[in-house]
Amino acid sequence: MTLPVADKYNIEFGDVTRAKFDWLKSKEYAGWVVFVDTNTRRDCLPLIEKFLDHPRLLIIECAPGELNKNLGTCQELWSQMFDGGVGRRWCAICLGGGVLEDMSGFVASTFKRGIDFLQIPTTLLAQVDSSVGGKLGVDFYELKNSLGVFNDPIAVWIDHRFLRTLPAREIRSGFAEVIKHALIADAGQWGRIQKIIDLTVVDWSELIPASVNIKREVVLEDPFERGVRKSLNFGHTIGHAIESYFLETEQRLFHGEAIAAGMIMEAWISYQLATLTVSDYQLIESYFLKLYGHQVILESSFDQLFALMANDKKNDDHRINFTLLAEPGRALINQFAGRPVIESAIRHYNSLAVATE
């Protein structure tokens with residue numbers, strides 16, 4: 001199955017085969033540079049290594065995880081590219097999850113003013129979210145993705161075999177974005193998703209393309225996030241702040257775990273300030289708690305969380321910008337909430353801890 005992203009590039013689903021690399025060879029790049037982290041080098045590179053037969057091949061490895069998604073790591077990658085003789089007519093192959101794809105795509109897009117790159121996402125999060133739409137970047141000043149560019153790959157190859165290399169917690173993290181796509185744009189899909197409780201028996205060959213297509217249609221309508229693409233930020237205003245806060249603690253949350261908590265809180269704000277009904281809110285709340293459990297947000301963290309939210313790149317005129325839900329399947333962009341409402345949402349979320357005990 002292939003989904004075109006306008007006339008720019010294709011998102012292709014299915015096994016990564018020699019035919020795909022023959023297509024890459026036909027573009028006659030001077031060399032290929034492959035970005036991996038220690039996990040994807042061990043678990044994922046062997047699935048495609050036999051196809052990497054370009055005479056000028058450079059494999060660059062970095063440490064995994066959000067803590068390493070910064071300019072310091074970028075500098076190391078750029079240095080290795082220079083030392084390895086990478087030129088303007090090379091192509092980068094980004095083999096990894098969301099962190100690696102965001103960062104290596106950014107590195108490729110800025111190296112000598114930009115070289116082509118393609119993405120082979122290896123996590124569920126990357127396959128349904130970060131590999132679609134051309135948003136690339138790194139964290140800076142303790143803010144998620146605060147430095148970056150919009151730039152499209154030449155192709156995205158989504159092979160769900162890579163998901164077999166992942167621990168259950170990584171699958172669950174990525175699934176949060178699948179839920180989000182349904183909540184903001186497809187009420188029917190939200191109804192079907194609520195029947196999924198055991199993530200070990202999901203037919204990803206059906207669910208991933210459906211989720212990707214939701215994001216693809218949003219991106220095609222608004223490639224530079226000036227309008228409807230902001231709907232993809234549901235759960236992320238509070239969720240990103242939570243993720244950044246816990247990144248500096250011993251209780252690090254995965255992206256999807258933080259966003260799941262953020263979606264509960266922002267759904268509650270949607271019930272308070274928009275038209276989301278209490279029954280729809282309760283369905284959202286109960287489903288997320290069932291899959292993701294609960295993480296108490298200490299009141300001592302509130303000032304830091306608000307500082308992070310205040311610096312969110314989506315804000316307008318110093319107001320904290322949200323995407324809220326009018327109802328499942330319909331999002332409201334450019335909604336604003338003050339600190340009292342946001343604090344009440346966090347306190348309400350904290351009160352739900354008893355539901356998971």
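Filtering region 301-337 to residues that are in a loop (DSSP other than H, G, I, E, B), surrounded by fewer than 19 Cβ atoms within 10 Å (Cβ to Cβ) and modelled with pLDDT of 95 or more leaves only GLY329.
Working only within region 200-238, note down all residues that are of a type in the set (Lys, Arg) and closer than 23 Å to ASP312 by Cα. Once the filter is applied, which keeps residues that are of a type in the set (Lys, Arg) and closer than 23 Å to ASP312 by Cα, region 200-238 yields LYS215, ARG226, ARG229, LYS230. Just one residue in the set ARG216, ARG161, ARG169 is out of contact with any helix residue (DSSP H, G or I) (no Cβ under 7 Å at 6 or more places or on another chain), under 25 Å from ASN39 (Cβ atoms), of a type outside the set (Val, Ile, Thr) and not in a loop (DSSP other than H, G, I, E, B); that residue is ARG169.
Quick check: anything in region 347-356 buried (at least 19 other Cβ atoms within 10 Å of the Cβ), in contact (Cβ under 8 Å) with a residue 24 or more places away in the chain and within 14 Å of GLY235 (Cα to Cα)? Yes, there is a match, as at least one residue in region 347-356 is buried (at least 19 other Cβ atoms within 10 Å of the Cβ), in contact (Cβ under 8 Å) with a residue 24 or more places away in the chain and within 14 Å of GLY235 (Cα to Cα).
Can you find even one residue in region 287-294 that is in the same structural domain as ALA326 (by TED's automatic domain parsing) and touching a strand residue (DSSP E or B) at 6+ places or on another chain (Cβ under 8 Å)? Within region 287-294, none of the residues are in the same structural domain as ALA326 (by TED's automatic domain parsing) and touching a strand residue (DSSP E or B) at 6+ places or on another chain (Cβ under 8 Å). Residues in region 257-286 that are of a type in the set (Ser, Thr, Tyr) and either surrounded by fewer than 20 Cβ atoms within 10 Å (Cβ to Cβ) or assigned to a loop (DSSP other than H, G, I, E, B) (or both): THR275, THR277, SER279, TYR281, SER286. When ASN39, ASN10 are checked against the criterion of being polar (S, T, N, Q), farther than 20 Å from LEU147 by Cα and assigned to a strand (DSSP E or B), a single residue qualifies: ASN10. How many residues does region 47-97 hold that are surrounded by 13 or more Cβ atoms within 10 Å (Cβ to Cβ), part of a helix (DSSP H, G or I) and among the aromatic types (Phe, Trp, Tyr)? Selection size over region 47-97: 2.
Counting just the residues of region 219-256 that are aliphatic (A, V, I, L, M), touching a residue at least 60 places away in the same chain (Cβ under 8 Å) and surrounded by 21 or more Cβ atoms within 10 Å (Cβ to Cβ), which one comes out farthest from ARG339 (Cα to Cα)? Among them, the one singled out is VAL219.
All of GLN282, GLN251 fail the test of being modelled with pLDDT under 95 and more than 21 Å from LEU3 (Cβ to Cβ), apart from GLN251.
Every residue, every condition in (1) within 23 Å of the chain's Cα centre (by Cα); (2) not charged (D, E, K, R), yes or no:
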site: ASP53; (1), (2): no, no
site: LEU58; (1), (2): no, yes
site: LEU67; (1), (2): yes, yes
site: CYS74; (1), (2): yes, yes
site: VAL86; (1), (2): no, yes
site: GLU101; (1), (2): yes, no
site: GLY105; (1), (2): yes, yes
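The set of residues from region 143-154 being hydrophobic (A, V, I, L, M, F, W, C) and buried (at least 19 other Cβ atoms within 10 Å of the Cβ) is empty. Inspection of region 104-120 identifies no residue that is of a type in the set (A, V, I, L, M), closer than 19 Å to GLU170 by Cβ and touching a Lys or Arg at 6+ places or on another chain (Cβ under 8 Å). Restricting attention to region 47-98, the residues that are under 16 Å from VAL156 (Cα atoms) and in contact with an Asp or Glu (Cβ under 6 Å, 6 or more places away or on another chain) total 3.
Here PHE35 fulfils each of the conditions (1) in contact with a Ser or Thr (Cβ under 7 Å, 6 or more places away or on another chain); (2) closer than 22 Å to LEU3 by Cβ; (3) not charged (D, E, K, R) apart from (2).
Considering region 13-36, the residues that are in a helix (DSSP H, G or I) and not basic (Lys, Arg) include one that is surrounded by the fewest Cβ atoms within 10 Å (Cβ to Cβ), namely SER26.
For region 123-142, the condition of being in a helix (DSSP H, G or I), outside the structural domain of ILE214 (by TED's automatic domain parsing), out of contact with any Asp or Glu (no Cβ under 9 Å at 6 or more places or on another chain) and surrounded by fewer than 24 Cβ atoms within 10 Å (Cβ to Cβ) holds for none of the residues.
Scanning region 63-104 for residues being over 27 Å from PHE21 (Cβ atoms), modelled with pLDDT under 95 and small (Gly, Ala, Ser) gives a total of 1.
The values are calculated or read from the model by the stated rules, or taken from the named source; none is laboratory data. Treat the numbers as computed from the prediction; the structure is a model and nothing was measured. Note that each Cβ is placed from the backbone with ideal geometry, even for glycine, and that neighbours are counted across all protein chains shown.
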